[in-house]
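Read the structure below first, then the notes.
The values are calculated or read from the model by the stated rules, or taken from the named source; none is laboratory data. Quick caveat, the model's predicted, so the values are computed rather than measured. Cβ placement follows ideal geometry from the backbone for every residue including glycine, while neighbour counts extend to all protein chains displayed. Side chains are part of the model used for accessible areas, which takes the heavy atoms of the whole protein and leaves out ligands, DNA and RNA. Shrake-Rupley method; radii C 1.70, N 1.55, O 1.52, S 1.80 Å.
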Amino acid sequence: MLRFSPTLRASSSMVLGMAGTIGSIEPGKQADFALVDRDLLAVPDAQVAATKVQWTMFGGKIVYSTK
C-alpha cells in the first residue's frame, strides 16, 4: 500500500523553492487535494477502482464538485 510521508511532501516543496506556499496544510498556503467517497487506506483493494471523487481543490479553491 502506498502512503505519503509528511517529510516527502515538505522536502518536495523545499526543492521547488515553494515551502512558504505549498507542502503542508495550514493557513495562507495553497491547498491542492481531492475528497473521495471512501477511505482508500481502509477499503479492500477491489473497491478502490469504484472510488468516486466528491470534489477537487486546486490553489485553495474548489474546481470540481459533484454537488
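So the values come out like this:
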{"read-out": "Residue ID - farthest from the chain's Cα centre (by Cα), chosen from residues in the range 31-61 that are β-branched (Val, Ile, Thr) and part of a loop (DSSP other than H, G, I, E, B)", "value": "43"}
{"read-out": "Count of residues meeting criterion [under 23 Å from residue 13 (Cβ atoms) and surrounded by fewer than 11 Cβ atoms within 10 Å (Cβ to Cβ)] in the range 42-59", "value": "1"}
{"read-out": "Residue check, residue 9 outside any loop (DSSP other than H, G, I, E, B) and modelled with pLDDT under 85", "value": "yes"}
{"read-out": "Selection from the range 21-32 of residues that are open to solvent by 80 Å² or more (accessible area, probe 1.4 Å) and either β-branched (Val, Ile, Thr) or within 10 Å of residue 57 (Cβ to Cβ) (or both)", "value": "25, 30, 32"}
